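Student: Here you go, one structure.
The values are calculated or read from the model by the stated rules, or taken from the named source; none is laboratory data. Predicted model only: the values in this text are computed from it and were never measured. Cβ coordinates were reconstructed from backbone atoms using ideal geometry, including for glycine residues, and neighbour counts include every protein chain displayed. SASA here: full protein model, heavy atoms, side chains in, ligands and nucleic acids out. Shrake-Rupley method; radii C 1.70, N 1.55, O 1.52, S 1.80 Å.
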Amino acid sequence: MNNRFEEAKQRYAKIGVDVDRALDILSNKPISIHCWQGDDVGGFENKDAALSGGIQATGNYPGKARTPEELMADFDKAASLIPGKKRINLHAIYAVFDGEKADRDKLQPKHFARWVEYAKSRGYGIDFNPTFFSHPLAADGLTLTHPDEKIRKFWIGHGIACRRIAAYIAKELGGPVLNNVWIPDGYKNIPSDRLGPRLRLKDSLDKIFEEKLDGVIDSVESKVFGIGVEAYTAGSSEFYLNYAANSEGVYPLLDNGHYHPTEFVSDKISSLLAFFDIIPLHITRPVRWDSDHVVLFEDEIKEIAIEIVRNNALDRVLIGLDFFDASINRVAAWVIGTRNVQKALLYALLQPNERMRELQDKGMFTELMALQEEMKTYPFGDVWEHYCKLQKVPHDQSWFDQIKKYESEVLSNRN
Ligand code: RNT
Ligand code: ZN
């Protein structure tokens, strides 16, 4: 009998929070963990592929995964230290070629058979992303908006190929696959035409999404700016919100690193819940810009989780992660970031959300503030530790001992 947990449970029960129910809900919510934290968004296309598209993984911590086998082993290590249900989020550049390589527009389901096998054997779901960067035909930073029709066609072909791969994965795994389109397209300096690229983007997307495919959830990810495209990004928030609102089955994906620093995704979720049945997220940590730092257990992450939970939207909000830190142990980065998102969800599930809503509606704002602040020091940590024990993963910092061991036995032999 864990006394601290039992005491915590009673305290939460007193304010009407059912802890066991919260743990049950949490254990059933999958988190889509991005494969690209394991190798700095490198992929397997070619060994020295340089990351492009205005995103950057900085740092040179030793031990990055160089092959599918290494990436899968690292993901396994991380997953063994993370409670709850998992999905693995793949990018097209993680195709596993058995012999001859295929260019992006020629990618086929068979190039992802290894990942399907991997996910099946571990009971994970898979999500998917076409890769519109780190490629010679994206060297000028333009893909689906490119003024050159030939280049645009190549990238449309890539988008179509990826949706078919997503459909294949969905069929194999027996459940829907999110296929998320993010493109880097934009301009460093003041453009002389802002509409043209957006009209070309609209047309390219229409062509990509034309085919009806079972099991594929399509999304489009907006952004405010990237490195080298500071003045203009074609796929802006307004563009994609409108695109999604006007197309059947395409959803706007919110990445909380993709807005002005004074904007909050926690405040955007409810606006979208009013209009869309599904909302995909990329949870990250922007530090001054879209820097893709590892997610911490901090206020905005808690607030995002609270918005999902108190609006009963856990089934509608698809939670994916998106960070790539090469300055720390990459396996630890996965563990820290994913556990923090799960902590935030638990924190949200342990709030007396109904009571708080009532206080707001009755105009009892003093009581509301008092309760909100009291909740911050409730024995949340005791419940988290209990959850980890139930899930048979380390409940405290001792998970890091396993990372240290893995680093000395496995990662340090890579160079
Ligand atoms: C880039 C977007 C995008 C990428 C990944 C690798 O700013 O956030 O989601 O980070 O697709
Ligand atoms: Zn993202």
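Student: What pairs come up if the first residue lies in region 240-258 and is closer than 14 Å to Asp206 by Cβ and more than 16 Å from ligand 2 (Cβ to nearest atom), the second is among the small types (Gly, Ala, Ser) and open to solvent by less than 10 Å² (accessible area, probe 1.4 Å), and their beta carbons are under 7 Å apart, counting only those six or more places apart or on different chains?
Tutor: Correct list of pairs: Val250/Ser219; Val250/Ala244.
Student: Of (1) more than 16 Å from ligand 2 (Cβ to nearest atom); (2) open to solvent by less than 10 Å² (accessible area, probe 1.4 Å), Gly157 satisfies all except one. Which?
Tutor: With (1) more than 16 Å from ligand 2 (Cβ to nearest atom); (2) open to solvent by less than 10 Å² (accessible area, probe 1.4 Å) applied to Gly157, the lone miss is (2).
Student: Further question on the same structure: So, Ser412, is that one assigned to a helix (DSSP H, G or I) and surrounded by fewer than 19 Cβ atoms within 10 Å (Cβ to Cβ) or not? Before the answer, list the steps.
Tutor: Values: assigned to a helix (DSSP H, G or I): yes; surrounded by fewer than 19 Cβ atoms within 10 Å (Cβ to Cβ): yes.
When the stated conditions are applied, Ser412 passes them.
Student: If you check Ile269, Ile306, which single one turns out to be within 16 Å of the chain's Cα centre (by Cα), among the aliphatic types (A, V, I, L, M) and either away from ligand 2 (no atom under 13 Å from the Cβ) or at pLDDT 95 or above (or both)? First the steps, then the outcome.
Tutor: Values: Ile306 fails: within 16 Å of the chain's Cα centre (by Cα).
Of Ile269, Ile306, the one residue that is within 16 Å of the chain's Cα centre (by Cα), among the aliphatic types (A, V, I, L, M) and either away from ligand 2 (no atom under 13 Å from the Cβ) or at pLDDT 95 or above (or both) is Ile269.
Student: So Asp382 passes all but one of these: (1) closer than 29 Å to Ile15 by Cα; (2) open to solvent by 40 Å² or more (accessible area, probe 1.4 Å); (3) part of a helix (DSSP H, G or I). Which condition number does it fail?
Tutor: Evaluating Asp382 over (1) closer than 29 Å to Ile15 by Cα; (2) open to solvent by 40 Å² or more (accessible area, probe 1.4 Å); (3) part of a helix (DSSP H, G or I) leaves (2) as the failure.
Student: In addition: Take the residues in region 47-98 that are in a loop (DSSP other than H, G, I, E, B) and of a type in the set (Val, Ile, Thr), then tell me which one is farthest from Ala344 (Cα to Cα).
Tutor: Start the filter on region 47-98 by keeping residues that are in a loop (DSSP other than H, G, I, E, B), which leaves 47-67, 80-85, 95-98.
If we keep only those that are of a type in the set (Val, Ile, Thr) as well, we get 55, 58, 67, 82, 96.
Working: Ile55: 26, Thr58: 26, Thr67: 33, Ile82: 14, Val96: 34 Å.
Filtering first and then ranking leaves Val96.
Student: If you scan region 181-204, which residues turn out to be in a helix (DSSP H, G or I) and within 16 Å of ligand 1 (Cβ to nearest atom)?
Tutor: Leu201
Student: For the structure I just gave you, tell me whether Ala234 is in contact with an Asp or Glu (Cβ under 7 Å, 6 or more places away or on another chain) and either open to solvent by 60 Å² or more (accessible area, probe 1.4 Å) or more than 28 Å from Glu172 (Cβ to Cβ) (or both).
Tutor: It is true that Ala234 is in contact with an Asp or Glu (Cβ under 7 Å, 6 or more places away or on another chain) and either open to solvent by 60 Å² or more (accessible area, probe 1.4 Å) or more than 28 Å from Glu172 (Cβ to Cβ) (or both).
Student: Continuing with the same structure: When the residues of region 94-113 are narrowed to those that are basic (Lys, Arg) and under 25 Å from the mean Cα position of the chain (by Cα), which ends up nearest to His135 (Cα to Cα)?
Tutor: Arg104
Student: Tally up the residues in region 98-123 that are under 24 Å from Gly174 (Cα atoms) and open to solvent by 30 Å² or more (accessible area, probe 1.4 Å), please.
Tutor: Let us first name the residues in region 98-123 that are under 24 Å from Gly174 (Cα atoms), namely 107-123.
From what is left, the residues that are open to solvent by 30 Å² or more (accessible area, probe 1.4 Å) are 108-110, 113-114, 117, 120-123.
Residues flagged as under 24 Å from Gly174 (Cα atoms) and open to solvent by 30 Å² or more (accessible area, probe 1.4 Å) within region 98-123 amount to 10.
Student: Then there's this: Do you know which of the residues in region 315-343 that are part of a loop (DSSP other than H, G, I, E, B) and touching an Asp or Glu at 6+ places or on another chain (Cβ under 9 Å) is farthest from ligand 2 (Cβ to nearest atom)?
Tutor: Asn329
Student: Which residue pairs have Cβ atoms under 9 Å apart, sit 6 or more places apart or on different chains, and have a first residue in region 347-366 that is in contact (Cβ under 8 Å) with a residue 24 or more places away in the chain and a second that is part of a helix (DSSP H, G or I) and surrounded by fewer than 12 Cβ atoms within 10 Å (Cβ to Cβ)?
Tutor: Leu349/Arg21
Student: Residues being under 13 Å from Asp127 (Cβ atoms) and surrounded by fewer than 24 Cβ atoms within 10 Å (Cβ to Cβ): count how many of those fall in region 182-198.
Tutor: 0
Student: Here's something else I'd like to know. So how many residues does region 1-56 have that are open to solvent by 10 Å² or more (accessible area, probe 1.4 Å), of a type in the set (D, E, K, R) and under 30 Å from Glu100 (Cβ atoms)?
Tutor: The number of residues fulfilling the criteria is 4.
Student: Whether any residue in region 209-226 is buried (at least 22 other Cβ atoms within 10 Å of the Cβ) and over 21 Å from the mean Cα position of the chain (by Cα) is what I want to check.
Tutor: yes
Yes/no per residue for (1) open to solvent by less than 10 Å² (accessible area, probe 1.4 Å); (2) touching a Pro at 6+ places or on another chain (Cβ under 9 Å):
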residue: Arg285; (1), (2): no, no
residue: Arg288; (1), (2): no, yes
residue: His293; (1), (2): no, yes
residue: Glu300; (1), (2): no, no
residue: Ile308; (1), (2): yes, no
residue: Asn312; (1), (2): no, no
residue: Asp315; (1), (2): no, no
